[in-house]
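Some notes on the structure that comes next.
The values are calculated or read from the model by the stated rules, or taken from the named source; none is laboratory data. In this text the structure is predicted, and so the values were computed from the model without any measurement. A quick note on method: Cβ atoms are made from the backbone with ideal geometry, for glycine too, and the neighbour counts reach across all protein chains shown. For accessibility, only protein heavy atoms count, side chains too; no ligands or nucleic acids. Shrake-Rupley method; radii C 1.70, N 1.55, O 1.52, S 1.80 Å.
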Amino acid sequence: MSSKGDINTQISLFLTQLKRRQISGAKEVALATANLLIRFISSRRWVSTTAMIEQIRILGAKLVDAQPYELTCGNVIKRVLKNIRTINEAFAPKGNKDTDLEEDLNPSSSMLGLLSVSDSMNTSGDGDSSNNSSMANLTKHKSNEAEPGLTPSGYYVSEEVRAKARDLRNAVIDEIQSLIDEIQNDDPLFKAGIDMITDSDLLLTPCPSSKTMVDFLLKAAAKRNFTVIVTESYPNNVEKAKKMVQQLKNAGVKSTLIPDAAVFAVMAKVSKVVISARAVLANGGCIASSGVAMACHAAKQFTKPVLSIAGSYKLSPIYPFDVESLIEVGNSSKVIDFSDAELMDKLEVINPLYDYISPELIDIVISSDGGASPNFVYRLILDNYSEHDQHLSSVEIGAA
Amino acid sequence: MTQQLSGKELKELKKKQKQAQRQARKNQAGNQAGNQAGNQNSNQNSNQNSNQNSNQNSNQNSNSNSNANSNSNSASSAGNGSSAPTSRDYAETRAQMTQVNLFAGIEPPKAIMSKLQVHSSILHLALQMQSCRIIGSASRCKAMMLAFQQVVRDYDTPSNGSFSRSFASHLSQQIEVLKSGRGLSVSMGNAIRWLKQETSGLSMDISDESAKEYLVETISDFIRDRLDVADRIIVDTASNHLQEGDVVLIYGSSKVVLNTLIHAYTVQKKKFRVVIADSPPLFEGKKAARKLMNVGIPVTYILISALPYVIKGITTFMVGAHAMVSNGNLYSRVGTSMVAVMAAARSIPVLVLCETIKFSDRVQLDAFSVNEFIPQSTKGNKDENLIFFDLTDQKFISKVITEVGALPASSVPVILREYKQFL
């Protein structure tokens, strides 16, 4: 308990950083969230996985509310929750009743899992599995266990269960650690992406703000000989676009910058459009920086393939029922300077930071698991997340 | 270069020659010196240097100016001409290798020629057009015709020639100079063709004075009929397309489109909103926003990349034209096609407002074959492919509103053919 105050300050620090955008960018936020979760989980003693899931959900809701547009934060939390549920399943067949009800909370588990539950229920003779609350779960312990010990929350739990909880905690932390490794390692993603690119391709990328895109193109350039057209992404990412072109040139990649308005004009010559998603949604569509949707529309007119590159942690179990809620609107003084008082005063100026790209405009979604059709993304998402964790908070984007 | 060299050596040699050629060309300003092979190479090169050139050109005294500039440039190339390849050489080579020439076929802006016979108003106009101070196909055409009126008035027939003959060549010189500032627009081309016809049709018998008077008058008529009245008819027709509560999307700052909106708002008293999509580097939308704001029309201002965010509420897309080409496509400010595609994808009507003077015999498939570079006043990155125009396919155009009626884009060649004697 000594570290509890510590973790609380860490959480509030993280919340402020999210709100102030001191931590921003899909990957940074994902990593920071995962690291915070490790600290959060290791800072407490867990009585049951149910409690752990509940606590993480509460924490997750706070984080998501702090910065609803950084979808990867919620994604990481949901991934971890799914992992906990899976680990829980792995612990379950050993016959401990502690975990029986967890199975109940997780009806989406495999048939095999269901069989093992019913099996353990039969052997223990505890047929009442309709109870869902962790409270009831713990009460049951109290009645069943011979040697009760006092948990911080005031419930009696056996030493055996405590040991189990420790194992569970370590297992969860291991899982998060491997998730972090996965987020940090873009190689499988890039490898899958490079397979899609051929020599003498003329690539157009409207995502100069994405670090993943720069890394990917530099990596791909080592294996393929292609040309890159970067859009200027005025007004939000002009400097980044210039920097990206320079970086590519320094690496010996033929590259050039075009204004956003010229995208359609040059599209006839482009052979592939490569975009970097900030988040991939369950319908296969994605959220990317402003200007990407137009480039994809143009590509569609010329039937040029559009590749969307996104690490698995960007797959989000959210359906874009309300597209506008997914798009953040930025500083309008970037569009018209405040010094231009006459215009600024009377005009309504809008500067959206992101675009929603509908799945029809995307040909292939490349994630760490390889390429997939946008239509198939929902299935990848089903693998990674539990349906119970689709929404962490009621105000969350996309929540019905 | 007759001697056999390996590919690598040849490349190296060509590069050196190219640089030398570039210097030579700059120094001799316009003289067609240098051999053929060199010219081929430097063609590409001059493209890359286009922005540099255009910067130098903003001054009329281009001869001395470009010399001064090339001198400062030559410092870097003089060194590597004689010495062995240095690391900077390699860096330069790599810089050239990573260069992409998307619009290699498009001619970069040049220096304005100055000739002795040029009328000051033409020179003035050429500069104004080059710096984009006079912009827009119709405005440029009108300004040119007014300048030609001046030229006609101030022209003195040489003692040994007749007016109609000598004036034609004088006019050609003026056009040459005007063209050197910025390429002629389609409307200007059409107007010039008409004026030349008028000049050659002048009777030999009439006096210089009456010939001048006739030309000045007929130019005035031309401006009135083909530009002013045409605009007014289009404004009348197009404003009827606007309805109460509409949200009209416009791109850029077409004069006839703005007049239509202002007419519908102030005269017809319709209440509607306007969304202006704009793009760098010209930011013509700001100009349009000021005009519309001044009459009280509520305006939303966005950049073109923000269009998907606002397109949901749009009811009409109105756009002006630089030209309508004969295969029905719209040749207009770069970005127009992008906006038209987005609008068409949402079944938003795309209305093109275009005077018939902007109709062209030319057929065009893409923005690469015929285009212009936007001259830059500030020192820009030569990597930015700042083209002026793009081509909107006719399948995205719902209607073309002209002074001879509203028609589908496919009817452009019909108008050109049927109305040839009137146009």
Practice task
Tell me, please, whether a residue that is over 20 Å from the mean Cα position of the chain (by Cα), of a type in the set (Phe, Trp, Tyr) and open to solvent by 10 Å² or more (accessible area, probe 1.4 Å) can be found in the stretch B:358-374.
Solution key: no
Practice task
From A:339, A:333, A:325, grab the single residue that is farther than 25 Å from residue B:340 by Cα, small (Gly, Ala, Ser) and touching a Gly at 6+ places or on another chain (Cβ under 8 Å).
Solution key: A:325
Fill in the blank from the handout: Residues of the stretch A:330-363 being within 8 Å of chain B (Cβ to nearest Cβ) and under 17 Å from residue B:306 (Cα atoms), in sequence order, are A:335, A:336, A:347, A:348, A:349, A:350, A:351, A:352, A:355, A:356
Handout entry: Candidate set from the stretch B:290-305 (those that are assigned to a helix (DSSP H, G or I) and closer than 14 Å to residue A:342 by Cβ); member that is most open to solvent (accessible area, probe 1.4 Å)
Key = B:294
Practice task
Would you mind telling me which numbered condition in (1) within 12 Å of chain A (Cβ to nearest Cβ); (2) under 23 Å from residue A:299 (Cα atoms); (3) hydrophobic (A, V, I, L, M, F, W, C); (4) open to solvent by less than 10 Å² (accessible area, probe 1.4 Å) residue B:350 fails?
Solution key: (1)
Problem - the stretch A:45-88: number of residues that are open to solvent by less than 30 Å² (accessible area, probe 1.4 Å), within 29 Å of residue A:22 (Cβ to Cβ), of a type in the set (Ser, Thr, Tyr) and not in a helix (DSSP H, G or I) - result: 0
Fill in the blank from the handout: Residues of the stretch B:290-316 being more than 7 Å from chain A (Cβ to nearest Cβ) and of a type in the set (A, V, I, L, M, F, W, C), in sequence order, are B:292, B:295, B:297, B:311, B:314
Exercise for the section: Residues being at the interface with another protein chain (Cβ under 8 Å from one of its Cβ atoms) and either part of a helix (DSSP H, G or I) or surrounded by fewer than 16 Cβ atoms within 10 Å (Cβ to Cβ) (or both): count how many of those fall in the stretch A:237-254. Expected result: 5
Exercise for the section: Tell me, yes or no, whether the stretch B:328-339 has at least one residue that is within 13 Å of chain A (Cβ to nearest Cβ), under 17 Å from the mean Cα position of the chain (by Cα) and among the charged types (D, E, K, R). Expected result: yes
Practice task
Name the residue, out of B:218, B:260, that is touching a residue at least 12 places away in the same chain (Cβ under 8 Å) and either in the same structural domain as residue B:351 (by TED's automatic domain parsing) or part of a loop (DSSP other than H, G, I, E, B) (or both).
Solution key: B:260
Fill in the blank from the handout: residue A:319 vs (1) of a type in the set (Ser, Thr, Tyr); (2) more than 21 Å from the chain's Cα centre (by Cα); (3) more than 14 Å from chain B (Cβ to nearest Cβ): all pass except (2)
Handout entry: the stretch A:328-338, subset without any contact (Cβ under 8 Å) to a residue 60 or more places away in the chain and touching a helix residue (DSSP H, G or I) at 6+ places or on another chain (Cβ under 9 Å), residue nearest to residue B:281 (Cα to Cα)
Key = A:336
Exercise for the section: Return a yes/no flag: does the stretch B:278-289 have any residue that is part of a helix (DSSP H, G or I), closer than 22 Å to residue B:139 by Cβ and within 9 Å of chain A (Cβ to nearest Cβ). Expected result: yes
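Of B:183, B:105, B:161, which residue is without any contact (Cβ under 8 Å) to a residue 60 or more places away in the chain and not in a helix (DSSP H, G or I)?
Numbers: B:183 fails: without any contact (Cβ under 8 Å) to a residue 60 or more places away in the chain; B:105 fails: without any contact (Cβ under 8 Å) to a residue 60 or more places away in the chain.
So the residue among B:183, B:105, B:161 that is without any contact (Cβ under 8 Å) to a residue 60 or more places away in the chain and not in a helix (DSSP H, G or I) is B:161.
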Problem - Single residue of the stretch B:268-277 satisfying the filter (in contact (Cβ under 8 Å) with a residue 24 or more places away in the chain and surrounded by fewer than 23 Cβ atoms within 10 Å (Cβ to Cβ)) that is nearest to the other protein chains (Cβ to nearest Cβ) - result: B:273
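Do the conditions hold for residue A:178, that is, is it small (Gly, Ala, Ser), without any contact (Cβ under 8 Å) to a residue 12 or more places away in the chain, surrounded by fewer than 16 Cβ atoms within 10 Å (Cβ to Cβ) and over 20 Å from residue A:279 (Cα atoms)? Explain how you work it out, then say what you get.
Values: small (Gly, Ala, Ser): yes; without any contact (Cβ under 8 Å) to a residue 12 or more places away in the chain: yes; surrounded by fewer than 16 Cβ atoms within 10 Å (Cβ to Cβ): yes; over 20 Å from residue A:279 (Cα atoms): yes.
Answer is yes for this residue.
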Exercise for the section: Count, please, the residues in the stretch B:129-148 that happen to be free of Cβ contacts under 8 Å to residues at least 40 places away in the same chain and not β-branched (Val, Ile, Thr). Expected result: 3
Exercise for the section: Could you list, in sequence order, all residues of the stretch A:277-310 that are open to solvent by less than 10 Å² (accessible area, probe 1.4 Å) and away from every other protein chain (no Cβ under 14 Å)? Expected result: A:277, A:279, A:280, A:281, A:282, A:284, A:306, A:307, A:308, A:309, A:310
Exercise for the section: Could you tell me whether the stretch B:241-254 includes any residue that is part of a helix (DSSP H, G or I) and either modelled with pLDDT of 95 or more or surrounded by 15 or more Cβ atoms within 10 Å (Cβ to Cβ) (or both)? Expected result: no
Problem - Output for the stretch B:90-149, where each listed residue is buried (at least 19 other Cβ atoms within 10 Å of the Cβ) and on the phi > 0 side of the Ramachandran plot - result: B:136
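Report, by residue number, each residue of the stretch A:356-398 that is aliphatic (A, V, I, L, M) and modelled with pLDDT under 85. Quick ask: steps written out before the conclusion?
Going through the stretch A:356-398, the residues aliphatic (A, V, I, L, M) turn out to be A:357, A:361-362, A:364-366, A:372, A:377, A:380-382, A:392, A:395, A:397.
Hits for the stretch A:356-398 are A:392, A:395, A:397.
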Practice task
Run residue A:234 past the list (1) more than 7 Å from chain B (Cβ to nearest Cβ); (2) open to solvent by 10 Å² or more (accessible area, probe 1.4 Å) and report the number of the one that doesn't hold.
Solution key: (1)
Practice task
Kindly indicate the residue of the stretch A:198-212 that is within 24 Å of the chain's Cα centre (by Cα) and within 15 Å of residue A:256 (Cα to Cα) and also nearest to the other protein chains (Cβ to nearest Cβ) among those meeting that condition.
Solution key: A:206
Fill in the blank from the handout: Just one listed residue, out of A:282, A:265, A:288, is assigned to a helix (DSSP H, G or I) and either modelled with pLDDT of 95 or more or not acidic (Asp, Glu) (or both), and it is A:265
